[in-house]
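Q: Attaching a single structure in structure tokens format; questions to follow.
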2 protein chains.
Amino acid sequence: MKIYIIGIGLIGGSMALDIKSIYDDARIFGIDANEKHLDEAIQLGLIDEKASENDLINADLIIVSVPVDVGLVILPNILDKIGEQTLVFDVGSTKSPICEAIANHPKRRNFLACHPIAGTEFSGPKAAVKGLFEGKTNIICEVEKTTFKLQEKAMDLFKKLGMRIRYMDPKSHDKHIAYVSHLSHISSFMLGKTVIEKEKDEQDIFDMAGSGFESTVRLAKSSPAMWTPIFKQNKKQVVKSLEEYIHNLSNFKKLLEEDNYDEVFNEMQNTNRIKEILK
Amino acid sequence: MKIYIIGIGLIGGSMALDIKSIYDDARIFGIDANEKHLDEAIQLGLIDEKASENDLINADLIIVSVPVDVGLVILPNILDKIGEQTLVFDVGSTKSPICEAIANHPKRRNFLACHPIAGTEFSGPKAAVKGLFEGKTNIICEVEKTTFKLQEKAMDLFKKLGMRIRYMDPKSHDKHIAYVSHLSHISSFMLGKTVIEKEKDEQDIFDMAGSGFESTVRLAKSSPAMWTPIFKQNKKQVVKSLEEYIHNLSNFKKLLEEDNYDEVFNEMQNTNRIKEILK
């Protein structure tokens, strides 16, 4: 089984690690714009060898795990080069643009649009970890547009990775994910920015920061190269979620300014419901 | 050694657990407005017996671990009742109001104003855990106003709890902590609110929420009864930090609306510095 992973970072690299232990006959080829990352991926045992896009005709499976702007550009070219039986799936955090980009491609039925909700704040081949996808959700869009046989092939892999599957149309995906993922990243980045701006003496931050701050600001360590194109592609939904977030923060500030602590209490108590939701 | 803990919740209860394993001769008495919490604290082995404020004359050490509005009211009464050698310290998340409240009390020198930067999003006696304070920072305010002998007694305990000590004046404490703790809680609560409002079908949140969202929204599980008086007491600093946070979020939204993705990238890259600061 020949597997080509395009983009050997946190997600591609972690997939590689798991695939190696799942399929005895897996041979993993890596393609990456960053030559250093490819060398690291070989050293770390993520891939067996480097490859180029011209080899894709030989692929049984191609995983596209690159920033979402790059994915838009390369996916049509990839589909141009594959064989009839090749399965291609992506792992990007936006789904409408990529589904639109290949909607009329002759090889549309070889492609499965995926978003495994898994990751950490780290990036690059060194961030790859085994078992990253165990128990996580994989959102699949427009499943009906993929050949059934290749759907089955993908499902076999996702099942062995330990993932739960949810089907969703691309627009719904992009709307919901703006709230539960994209907005969290912005809230975290801007919290980090606000504190760094204030605290010129960084030692003070370090000494006073408890686990609460660390948890809330964790996503501010994420890769700007990965996140900028996500925000760009999901601009409309992200801006809308940001507007609502800013509205809620402004209202909370107003309640404080008006000394309306009963309502301050209620705002928090109503939100405590997140405990049950996320349990 | 007779230790009275007033408020047997996450912090008071966790202190009780550690103190029991540190001092062989420790006998721990619990005082709490919530009778059910006192019963739980006995069942959980946090305290040896219930007590009342009238017993405080016998105390070697009194730990005041109640919501900060309650602390303001009861601390003067506690100081009225103690003996010459009794050490009293608090653990509240605001320091100016409590230091002002007892500034002219005849027993001021028996009191040490503390803020151990430790905790979780849970509350009540059941939230108590062993080793909570290990490796954490304890901020001490106005140390010079406490009798040296009682300072030593407190330092001995904090050292055995594994805490690092930082000295700070109350105003600086309240200013810095607004940014690294109080603001994080509001950012998290309002993120939770924004997502709950949007996602009427809660199963969607659960299925799509990754570890990133869970981490960013974790503090929204915190106790409103504990946090409302903190925001009230530190209103000025909290409102200021919120203003700056909202300003940064609005600016980020503006950059997205203007399609200024170079600056969107820069905003995130500059904030990535939090990696080194928090390492």
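The values are calculated or read from the model by the stated rules, or taken from the named source; none is laboratory data. Given the structure is predicted, the values throughout are model-derived calculations rather than measurements. Positions of Cβ are generated from backbone atoms using ideal geometry, with glycine treated the same way; all protein chains shown enter the neighbour counts.
Q: Looking at the range A:6-22, can you tell me whether even one residue there is free of Cβ contacts under 8 Å to residues at least 60 places away in the same chain and of a type in the set (Asp, Glu)?
A: no
Q: Under the condition of being touching a residue at least 40 places away in the same chain (Cβ under 8 Å), in a helix (DSSP H, G or I) and more than 7 Å from chain B (Cβ to nearest Cβ), which residue from the range A:214-240 is surrounded by the fewest Cβ atoms within 10 Å (Cβ to Cβ)?
A: Top of the filtered list is A:Ala225.
Q: Identify the residue in the range B:131-141 that is more than 11 Å from chain A (Cβ to nearest Cβ) and without any contact (Cβ under 8 Å) to a residue 40 or more places away in the chain and, among all such residues, is farthest from B:Leu157 (Cα to Cα).
A: B:Ile140
Q: Another one. Residue under question is B:Ser222, and the condition is that it be more than 19 Å from the chain's Cα centre (by Cα) and small (Gly, Ala, Ser); does it hold?
A: no
Q: Separate question: Kindly list, by first and then second residue, each pair from a residue in the range B:245-268 that is buried (at least 17 other Cβ atoms within 10 Å of the Cβ) to a residue that is not in a helix (DSSP H, G or I), limited to pairs with Cβ atoms under 6 Å and residues at least 6 apart or on different chains.
A: Pairs that qualify, where the first residue is buried (at least 17 other Cβ atoms within 10 Å of the Cβ) and the partner is not in a helix (DSSP H, G or I): there are none.
Q: Another question, then. Just the residues that are out of contact with any strand residue (DSSP E or B) (no Cβ under 7 Å at 6 or more places or on another chain), closer than 27 Å to B:Tyr179 by Cβ and touching a residue at least 40 places away in the same chain (Cβ under 8 Å), please, taken from the range B:101-130. Spell out the reasoning first.
A: We begin by selecting, within the range B:101-130, every residue out of contact with any strand residue (DSSP E or B) (no Cβ under 7 Å at 6 or more places or on another chain); these are B:101, B:103-109, B:118-130.
Keeping just the survivors that are closer than 27 Å to B:Tyr179 by Cβ gives B:101, B:103, B:118-123, B:127, B:129.
Selection gives B:Ala118, B:Gly119, B:Thr120, B:Glu121, B:Phe122, B:Ser123, B:Ala127, B:Val129.
Q: Another question, if that's okay. State all residues of the range A:245-274 that are hydrophobic (A, V, I, L, M, F, W, C) and more than 14 Å from B:Phe231 (Cβ to Cβ); if no residue qualifies, say none. Give the steps one after another, and end with the answer.
A: Let us first name the residues in the range A:245-274 that are hydrophobic (A, V, I, L, M, F, W, C), namely A:246, A:249, A:252, A:255-256, A:264-265, A:268, A:274.
A:Ile246, A:Ile274, listed by residue number.
Q: Among (1) within 9 Å of chain A (Cβ to nearest Cβ); (2) within 20 Å of the chain's Cα centre (by Cα), which single condition is B:Asp174 missing?
A: Condition (1) is where B:Asp174 drops out.
Q: Of the numbered conditions (1) of a type in the set (Asp, Glu); (2) at pLDDT below 95; (3) closer than 26 Å to A:Phe265 by Cβ, B:Glu53 satisfies every one except a single condition; which is it?
A: Unmet for B:Glu53, out of (1) of a type in the set (Asp, Glu); (2) at pLDDT below 95; (3) closer than 26 Å to A:Phe265 by Cβ: (3).
Q: Which residues, taken from the range A:248-266, are under 25 Å from B:Ser123 (Cα atoms), more than 7 Å from every other protein chain (Cβ to nearest Cβ) and part of a helix (DSSP H, G or I)?
A: Hits for the range A:248-266 are A:Leu255, A:Asp262, A:Glu263, A:Asn266.
Q: Which residue pairs have Cβ atoms under 9 Å apart, sit 6 or more places apart or on different chains, and have a first residue in the range B:195-213 that is within 7 Å of another protein chain (Cβ to nearest Cβ) and a second that is surrounded by fewer than 16 Cβ atoms within 10 Å (Cβ to Cβ) and among the charged types (D, E, K, R)?
A: Close Cβ pairs (under 9 Å, with a partner that is surrounded by fewer than 16 Cβ atoms within 10 Å (Cβ to Cβ) and among the charged types (D, E, K, R)) amount to B:Ile196/A:Arg273; B:Ile196/B:Glu202; B:Glu202/A:Arg273; B:Glu202/A:Glu276; B:Phe206/A:Lys279; B:Asp207/A:Arg164.
Q: So, one more: Identify, by number, the condition in (1) surrounded by fewer than 20 Cβ atoms within 10 Å (Cβ to Cβ); (2) in contact with a strand residue (DSSP E or B) (Cβ under 7 Å, 6 or more places away or on another chain) that A:Met208 doesn't meet.
A: (1)
Q: Next up: Of the numbered conditions (1) surrounded by 14 or more Cβ atoms within 10 Å (Cβ to Cβ); (2) under 16 Å from the mean Cα position of the chain (by Cα); (3) more than 23 Å from B:His105 (Cα to Cα), B:Leu157 fails exactly one; give the number of that condition.
A: Looking at each condition in turn, B:Leu157 falls short on (2).
Q: Right, something else. Can you tell which of B:Ser184, B:Ser172 is polar (S, T, N, Q) and surrounded by 21 or more Cβ atoms within 10 Å (Cβ to Cβ)? I'd like the intermediate steps shown before the answer.
A: Values: B:Ser172 fails: surrounded by 21 or more Cβ atoms within 10 Å (Cβ to Cβ).
Exactly one residue qualifies, and that residue is B:Ser184.
Q: If you don't mind, there's one more thing I want to ask. When the range A:83-121 is examined, which residues are found to be within 19 Å of A:Lys2 (Cα to Cα) and crowded, with 20+ Cβ neighbours inside 10 Å?
A: Answer for the range A:83-121, where residues must be within 19 Å of A:Lys2 (Cα to Cα) and crowded, with 20+ Cβ neighbours inside 10 Å: A:Thr86, A:Leu87, A:Val88, A:Phe89, A:Asp90, A:Val91, A:Asn110, A:Phe111, A:Leu112.
Q: Okay, moving on. Please list, ordered by residue number, the helices (runs of 4 or more DSSP H) wholly in the range A:1-93 having 2 or more residues that are touching a Lys or Arg at 6+ places or on another chain (Cβ under 7 Å), more than 17 Å from A:Ala225 (Cα to Cα) and in the same structural domain as A:Gly124 (by TED's automatic domain parsing). Reasoning before the result, please.
A: On the way: elements: A:10-22, A:35-43, A:68-81.
So the answer is A:10-22, A:35-43.
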